[in-house]
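Remarks on the structure that follows.
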Amino acid sequence: MPLCRRKRVLLAEPSPDLLDAVKSDPNRDVFYLAQTGEIFETYESYSARMSFYRLKQFQCEVTGKSGLDYFQALDSELQEARTMHSRFPEALKTPILKAVQWQVMGRLDHLVEAVFDRFKDRYFKEEKVIVDIQGEKFSARITSVYPPRSNPLPTVPPEAQASTSTTPSTSQSPLSPISDDEPIHRVAADLKLPVKDGIARDDPAKYLYRLQILEEEKPEKSRSAAKDAAKGKWNGSEMEARCTSLSRDRLAFSKSILRRFIRDCVDRDAAVASPWTVKPAIAERYGVSNVMPEETRKGVESIKKGEIEKRKKVWEDKEGPPSKKQKKMTPAQELKVKALAAAAEQREREARAKAEQNLKAKEEAERAAIEKKKKKPIRYPTEDLDVRLNDKEKKAGGKTKRPVPSRAALPFGDSKTTGMFLMAWNFLVVYGQPLHISTFTLDEFEHALRHSVMEPPCALLAEIHSTLIYNLRTVPFVRHSAVISLMELKRSVDNQEEEELESNTLGVHIDDLTAVMSEVGNNWERVPLRFAEGREGWEDALVGCLKDHANLSNFPRLRPILTQLLFQPEPSEEQAHSGTESMSEASNATLKEPSRPRDRYHTLPAEDRVAILAFMCNMAVSSKAIHAHMESCEEQLTALRKEKIDVNRQKKAYHEEMEKLLGATKEKEKSPEKASTNGAEEDAIMQDSSDLSDVPGSEGGSESGSIANGRKRDSSSRNKYHALASQRLKAKREEDDRKQALAEHRRLDEEVNKLERRLEGIEREFRKLLGAIRVKALGRDRFFNRVWWFDGMGSASLLGSGGVVQYGTGRIFIQGPSEFDLDLMEKREEKDIDERRREEEGEEGMLAPGEWSVYNELEEVDEFISWLNPKGARELALKNAFSKWWAHIAPGIRKRQADLSITAKLPDARRSARTKHVGPDIAREPYMLWTNRRAVNGT
């Protein structure tokens with residue numbers, strides 16, 4: 001039974017009114033839950049129970065798996081039970097169940113331990129075992145069991161016991177086998193007997209078993225021919241062995257397997273000292289008696305009575321002994337009792353006063369802790385709904401209201417249609433490579449779906465449907481599933497309901513629809529939709545694809561769409577003269593005459609076209625080509641992650657080298673200053689000495705003094721010249737080193753710039769590959785609205801050749817919070833969430849769950865980013881995402897606005913299906929100029 005919060009889930013019992021209605025009103029309508037057999041009187045109770053079963057909060061009781069719904073947990077238990085019962089030895093089931101029946105044990109683990117200790121060395125007839133012969137393991141089957149004699153037999157080794165004879169002779173075994181009706185291992189059924197006493201009474205080691213060796217399957221490549229020959233001589237032979245040479249397969253008998261078997265087969269009441277009982281169906285199957293023996297019943301009652309008395313005694317000891325009738329006291333005793341009572345009352349008053357003081361002190365401490373907690377500063381970022389703009393931030397220009405996103409500017413007014421439209425476009429663009437289709441913008445996709453004329457045909461529509469049809473040929477389907485579902489619908493409704501269905505489906509009967517369907521698209525999986533021929537015949541192939549893949553359960557709009565594709569209204573005189581009909585008139589008219597899908601597809605409303613593509617994309621996700629592309633993207637993502645780590649490591653190494661070069665250059669710039677000051681001092685000293693040496697001598701000076709002075713001047717000038725030359729050489733070397741360091745720094749800076757550009761390329765590639773596996777939103781705002789930017793994912797690229805900016809949507813989409821997010825906001829302590837949403841989002845800006853809106857203008861996106869508060873965790877992450885991709889978001893929005901302004905037309909030049917000269921105007925539209933450069937011709 002599945003568990004919910006560690007408790008078994010009990011099935012709902014029928015109400016007393018339903019039980020009474022079995023006799024009084026047997027034809028009363030009820031709601032029946034087939035999976036559990038429960039019956040409900042109202043749909044509300046039925047749906048509430050079904051919703052409870054669908055919650056992911058149940059646990060499989062056998063495997064312990066959690067996070068399952070009720071039916072998944074039930075299937076898991078049934079599967080595990082089948083596996084366990086198929087593995088568990090059939091010969092052990094009956095004796096184990098007989099031993100477990102009526103046992104009184106508190107825990108299931110204790111019962112399992114007792115059964116395992118009792119049966120681990122006891123084997124039964126027809127049981128498959130493993131026997132050890134000369135160190136080799138063989139599979140064998142027990143054919144006979146020989147009980148022990150009063151005098152024990154000597155232990156016989158397996159080598160001596162082996163025999164190739166088919167029947168045991170008297171000389172080989174003096175024991176007689178036990179017959180099928182005679183029970184063996186009688187002591188094993190009595191778990192109350194200790195294990196040692198059981199071995200003493202009936203030693204399992206004294207039993208002798210006759211075995212037949214089973215032939216083993218030979219592997220393709222044997223490890224050793226000698227071992228195979230040695231094993232082969234034992235195949236099919238018979239032998240006798242003791243339990244010491246036997247063992248069981250651990251996958252068939254172990255404590256864990258035994259515990260699961262017993263837990264699946266037995267049950268126990270919740271009363272005190274209730275015995276374990278085998279379930280009635282299992283007991284009947286294995287011949288276990290469901291009638292408790294009188295001796296066992298008395299033992300169970302005595303155990304239960306003892307437990308009750310024990311608990312009663314414990315309770316009385318806790319409450320205190322019962323008061324007895326006291327004798328009349330003397331006056332002295334009365335005075336003593338009064339004095340004791342007064343003293344006790346005084347102690348009680350003191351204890352009460354002390355407790356009040358402690359309570360006041362505790363309240364004061366709590367109040368001080370709360371005030372301290374209030375004064376404690378908040379650490380940002382925090383929960384977004386806890387952040388509010390203060391007056392200072394409002395005066396500084398903080399945005400208090402979010403710009404209102406537009407619902408009217410959505411590609412389709414209906415949020416459901418818009419969601420399917422975005423999903424289909426994203427699928428076709430992301431998986432453009434495996435689908436062999438070139439990228440196109442969201443505007444081109446929208447205009448193609450609104451294309452409502454036959455001539456000229458839209459190549460984009462033909463390519464999209466053809467590539468999906470090719471892909472769905474590899475997806476398994478049920479032939480004529482649409483026809484089968486329509487016939488089941490016809491059988492399930494009465495005549496009145498059928499008339500209502502016909503009125504809702506343009507007046508075409510189911511029989512007429514199925515008759516026309518049988519003639520269209522029968523060989524759709526073999527039709528060659530060639531690119532060179534304009535994919536001619538894709539409309540018929542589309543109908544055939546829907547016939548085999550769709551039904552009313554997975555595609556509710558199937559019947560009206562097929563009716564519009566296969567039938568046309570009766571032509572009136574006006575339409576016969578004009579030869580054309582508008583889409584709105586065709587959709588409102590009653591269809592009567594059969595037609596071809598090629599002539600009728602242009603009359604389909606855009607919403608139905610979106611529904612068809614969304615259904616085909618959902619089916620194509622399971623194709624092999626898409627799965628192989630996802631696996632390839634996973635491998636490329638792993639390689640990109642490794643490359644990113646290497647690039648960051650190299651970038652860090654370059655930065656360290658640049659810092660070293662800057663440090664060395666600064667030190668060299670400081671050292672020349674000191675050298676220049678020292679050189680100036682030496683020049684001054686030398687200049688002073690030269691001036692002194694030029695002073696004329698006295699009259700009494702000799703000619704030798706003048707010669708000495710001249711030599712001295714020559715030597716000093718030479719020294720000065722050499723010093724200046726060495727200084728110039730040193731300065732030149734330092735200048736060369738500085739220039740070389742600057743050149744090296746410049747080279748490293750260029751390498752860092754290259755690595756940064758590579759990191760940007762890795763981020764773009766990462767976004768493209770990750771978008772092929774899972775499309776993630778940019779982030780969420782404070783009210784859990786999801787912000788989507790779909791550009792640059794899958795086969796689409798943010799940059800074209802030459803670094804030209806490209807866009808897919810060129811806008812920012814906002815999706816309302818999910819129901820789970822709304823529940824989280826409602827569970828907050830603050831009860832003014834709705835008022836806050838009206839204040840900060842505006843009444844017209846509040847989005848319902850799953851509702852879509854859009855920002856088309858760059859100014860609106862700027863205002864939205866300014867409104868985000870980085871103190872909140874979600875909005876900080878969202879703002880960082882905008883900063884990361886803003887260099888691609890803003891140019892994409894600008895380029896889309898520029899393209900729209902170029903292709904904008906006057907109101908009187910709008911397309912109409914009634915105009916005669918519509919072809920040349922439509923042919924110049926961007927969506928009509930699109931070509932599929934990845935096209936592959938059909939074969």
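Which residue is modelled with the highest pLDDT, if the candidates are limited to region 807-821 and must be of a type in the set (Gly, Ala, Ser) and farther than 14 Å from Ala890 by Cα?
So the residue we want is Gly816.
Regarding Glu859, is this residue under 28 Å from Leu442 (Cα atoms) and either of a type outside the set (S, T, N, Q) or free of Cβ contacts under 8 Å to residues at least 12 places away in the same chain (or both)?
Criteria met by Glu859.
Might you check whether a residue that is assigned to a loop (DSSP other than H, G, I, E, B), surrounded by fewer than 16 Cβ atoms within 10 Å (Cβ to Cβ) and under 29 Å from the mean Cα position of the chain (by Cα) occurs anywhere in region 11-21?
Scanning region 11-21, I find no residue that is assigned to a loop (DSSP other than H, G, I, E, B), surrounded by fewer than 16 Cβ atoms within 10 Å (Cβ to Cβ) and under 29 Å from the mean Cα position of the chain (by Cα), so the answer is no.
Could you tell me whether Val272 is farther than 27 Å from Leu211 by Cα, aliphatic (A, V, I, L, M), surrounded by 13 or more Cβ atoms within 10 Å (Cβ to Cβ) and in contact with a Pro (Cβ under 7 Å, 6 or more places away or on another chain)?
No.
For region 293-304, check the following and say yes or no: at least one residue is in a helix (DSSP H, G or I), polar (S, T, N, Q) and either over 30 Å from Glu90 (Cβ atoms) or at pLDDT 75 or above (or both).
Scanning region 293-304, I find at least one residue that is in a helix (DSSP H, G or I), polar (S, T, N, Q) and either over 30 Å from Glu90 (Cβ atoms) or at pLDDT 75 or above (or both), so the answer is yes.
How about region 373-408: which of its residues are of a type in the set (A, V, I, L, M, F, W, C), surrounded by 13 or more Cβ atoms within 10 Å (Cβ to Cβ) and part of a loop (DSSP other than H, G, I, E, B)?
Val387, Leu389, Val404
For a quick check of your reading of the model, give me the residue pairs whose first member lies in region 285-296 and is within 15 Å of Val266 (Cα to Cα), whose second is among the small types (Gly, Ala, Ser) and not in a loop (DSSP other than H, G, I, E, B), with beta-carbon atoms closer than 7 Å and at least 6 apart or on different chains.
Asn290/Ala283
Please find, among Gly792, Gly808, the residue that is within 25 Å of Ile626 (Cβ to Cβ) and touching a His at 6+ places or on another chain (Cβ under 9 Å).
Criteria check complete, one pass: Gly792.
Residues that are under 25 Å from Tyr380 (Cα atoms) and not polar (S, T, N, Q): does region 842-860 have at least one?
No.
For Leu97, indicate whether it is out of contact with any Lys or Arg (no Cβ under 7 Å at 6 or more places or on another chain), farther than 30 Å from Pro293 by Cβ, part of a helix (DSSP H, G or I) and of a type in the set (A, V, I, L, M, F, W, C).
Spelling it out, it is not the case that Leu97 is out of contact with any Lys or Arg (no Cβ under 7 Å at 6 or more places or on another chain), farther than 30 Å from Pro293 by Cβ, part of a helix (DSSP H, G or I) and of a type in the set (A, V, I, L, M, F, W, C).
Take the residues in region 38-81 that are modelled with pLDDT under 85 and among the acidic types (Asp, Glu), then tell me which one is surrounded by the most Cβ atoms within 10 Å (Cβ to Cβ).
Restricting to residues being modelled with pLDDT under 85 and among the acidic types (Asp, Glu), the top hit is Glu61.
Please work out which residue is surrounded by the most Cβ atoms within 10 Å (Cβ to Cβ), limiting yourself to region 82-92 and to residues that are under 41 Å from the mean Cα position of the chain (by Cα), assigned to a helix (DSSP H, G or I) and in contact (Cβ under 8 Å) with a residue 24 or more places away in the chain.
So the residue we want is Met84.
Within region 42-81, work out how many residues are part of a helix (DSSP H, G or I), within 26 Å of Pro275 (Cα to Cα) and out of contact with any helix residue (DSSP H, G or I) (no Cβ under 9 Å at 6 or more places or on another chain).
Qualifying residue count for the region: 1.
Return the total of residues in region 103-126 being in a loop (DSSP other than H, G, I, E, B) and surrounded by 20 or more Cβ atoms within 10 Å (Cβ to Cβ).
Counting residues in region 103-126 that are in a loop (DSSP other than H, G, I, E, B) and surrounded by 20 or more Cβ atoms within 10 Å (Cβ to Cβ) gives 2.
Tell me the residue from Glu574, Glu536 that is among the charged types (D, E, K, R) and at pLDDT below 90, please.
None of the other options fit; the residue is Glu574.
Taking Val804 as the residue in question, decide whether it is aliphatic (A, V, I, L, M) and at pLDDT below 90.
Judged against the criteria, Val804 is a match.
Would you confirm, using the coordinates I've provided, whether His451 is out of contact with any His (no Cβ under 8 Å at 6 or more places or on another chain) and modelled with pLDDT of 90 or more?
Answer is no for this residue.
Any residue in region 199-212 that's exposed (fewer than 14 other Cβ atoms within 10 Å of the Cβ) and part of a helix (DSSP H, G or I): show its pairings with residues that are modelled with pLDDT under 85 and not polar (S, T, N, Q) at Cβ separation under 6 Å, as long as the two are six or more apart or on different chains.
Every condition considered, the pairs that remain are Arg201/Val187.
Please give the number of the condition Lys547 fails out of (1) of a type outside the set (Gly, Ala, Ser); (2) over 24 Å from Phe445 (Cα atoms); (3) out of contact with any His (no Cβ under 7 Å at 6 or more places or on another chain); (4) at pLDDT 90 or above.
Single failed check for Lys547: (3).
Return the total of residues in region 526-554 being over 12 Å from Leu565 (Cβ atoms) and either outside any helix (DSSP H, G or I) or of a type in the set (Asp, Glu) (or both).
So the count comes out to 17.
The values are calculated or read from the model by the stated rules, or taken from the named source; none is laboratory data. Bear in mind that the values here come from a model prediction, so they are computed numbers and not experimental data. No Cβ is skipped: glycine too gets one built from the backbone with ideal geometry, and neighbour counts run over all protein chains shown.
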